[in-house]
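J.: I'd like to ask some things about the structure below.
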Amino acid sequence: MSEPYNVLFLCTGNSARSIIAEATLNRIGAGKFKAYSAGSHPKGAVHPYTLQLLKNLNYDTSFARSKDWEEFAVPGAPEMNFVFTVCDNAANESCPVWPGQPMTAHWGVPDPADAEGTDAEKHLAFAEAYRMLNNRISMFISLPMSMVDKLALQKRLDEIGRNLPKAG
């Protein structure tokens, strides 16, 4: 494939997890993947802790904005090869029909924006969401997509979301 695979990360608010996933895949999958993110009910702003986390990890955050998934379901929008939901809410909502029938999987991650406690505990929740997404994305980009049939790839994508080992 000469062009990169387009990947859309969906969640409800598009303020934390899906933004983190978009940034991560665009960095570590550069050239092979082009990531996007959106929400079913976007907050309208990226969570400040998301921006702080990404900046601390030397990500360019100029791309980051909270947007509706309808932006990617209109004529002329990039055709998605993969659509991943990263929160429980988006996985249970009805999604638009995506042109080209992209492969989909649910990679649920607890919402760090819902974390309670001290600032340190809240920042830790964002770091944990990043760790989980970074691990899943690293496994995803290492899959031999040109050599794996579509059903086997779908099974593996689902397994990545279900069976990621917990940090010990």
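J.: I want to check the label-to-label distance for ASN56 and THR118. Put each point 7 Å from Cα in the C-beta direction and report it in nm to one decimal.
T.: Simple spin-label model gives 1.4 nm for this pair.
J.: Looking at this model, which pairs from LYS67/LYS155; LYS34/LYS155; LYS43/LYS155; LYS43/LYS122; LYS34/LYS122; LYS122/LYS155 are more than 26 angstrom apart at the alpha-carbon? List each step's numbers first, then the result.
T.: Details: LYS67/LYS155 29 Å; LYS34/LYS155 22 Å; LYS43/LYS155 32 Å; LYS43/LYS122 18 Å; LYS34/LYS122 29 Å; LYS122/LYS155 33 Å.
Violating the 26 Å limit, Cα to Cα: LYS67/LYS155; LYS43/LYS155; LYS34/LYS122; LYS122/LYS155.
J.: Also: Which ³J(HN,Hα) values, rounded to whole Hz and listed in residue order, are derived for the range 13-27 from phi using the Karplus coefficients 6.51, -1.76 and 1.60 in 6.51 cos²θ - 1.76 cosθ + 1.60 with θ = phi - 60°, glycine and proline given as x?
T.: Going residue by residue, I get x, 6, 10, 9, 4, 5, 5, 4, 5, 4, 4, 5, 5, 5, 7 Hz, with x marking Gly and Pro.
A short reminder: the numbers here are calculations on the coordinates, not readings from a lab. Note that the coordinates shown come from a computational prediction; the quantities given were computed from them, not determined experimentally. Reconstructed Cβ throughout: ideal geometry from the backbone, glycine too, with neighbour counts over all protein chains shown.
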